[in-house]
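Read through the structure below, which is laid out as structure tokens, and then see the notes.
The values are calculated or read from the model by the stated rules, or taken from the named source; none is laboratory data. What you see is a predicted model; the values in this text were computed from it and never measured. As a convention, Cβ positions derive from the backbone with ideal geometry for all residues, glycine included, and neighbour counts pool all protein chains shown. Ligands, DNA and RNA are excluded from the accessible area calculation, which covers all protein heavy atoms including side chains. Shrake-Rupley method; radii C 1.70, N 1.55, O 1.52, S 1.80 Å.
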Amino acid sequence: MLARLASLISAALGVAVTAYVLYGPTATRCSFGTIGSSGVGQPVVTLEPARCETLSLVASQPIWPMPALALAFWAAVPLLGVIGAWRRTPALVLAALLLEMTAIISFAVGPYYLLMVAPALAVTWILTGIARRSAPAPASEASRDY
């Protein structure tokens, strides 16, 4: 029962983290006011300090489809943990945990998934293993006459 609840929490966290990464203030863009170069080979002269603004990933990403594929993958992986918890199969939950850990390749969004979703999947894996060990034997094996 606890493993199933933990799996649902990890799936909800996967969706919530993805929504936050896409639409929350997770990117920064800065612009500099310049007048051009002061001579051939000279650095650009800046007139004013940099102006920075906080944006969502959707607003700041110039090549949109690539991050969407990775984020969809990391959001969907906890569903494998849900299936594993409901079937009492720790191997499926472990596979979900290892697939979620691939978020480490992304320096921008990896920490969000590694700090929020991966620990929830690890707890789900542990609870699924405990639930599998404490499950009663199947009725077909328990009722055999020898």
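Quick one: in the stretch 84-113, which of the residues that are part of a loop (DSSP other than H, G, I, E, B) and touching a Pro at 6+ places or on another chain (Cβ under 9 Å) is most open to solvent (accessible area, probe 1.4 Å)? Checking each candidate, the answer is A108. Being under 17 Å from C30 (Cα atoms), small (G, A, S), touching a strand residue (DSSP E or B) at 6+ places or on another chain (Cβ under 7 Å) and open to solvent by 20 Å² or more (accessible area, probe 1.4 Å) is the requirement here; does A50 meet it? It is true that A50 is under 17 Å from C30 (Cα atoms), small (G, A, S), touching a strand residue (DSSP E or B) at 6+ places or on another chain (Cβ under 7 Å) and open to solvent by 20 Å² or more (accessible area, probe 1.4 Å).
Restricting to the stretch 73-83, and then to whatever is open to solvent by less than 60 Å² (accessible area, probe 1.4 Å) and within 11 Å of the chain's Cα centre (by Cα), can you tell me which residue is farthest from L5 (Cα to Cα)? Restricting to residues being open to solvent by less than 60 Å² (accessible area, probe 1.4 Å) and within 11 Å of the chain's Cα centre (by Cα), the top hit is W74.
Of the residues making up the stretch 1-27, those that are more than 30 Å from A135 (Cα to Cα) and either modelled with pLDDT under 85 or in contact with a Gly (Cβ under 7 Å, 6 or more places away or on another chain) (or both) are T26, A27.
Out of curiosity, is L69 modelled with pLDDT of 95 or more, part of a helix (DSSP H, G or I) and open to solvent by 50 Å² or more (accessible area, probe 1.4 Å)? Criteria not met by L69.
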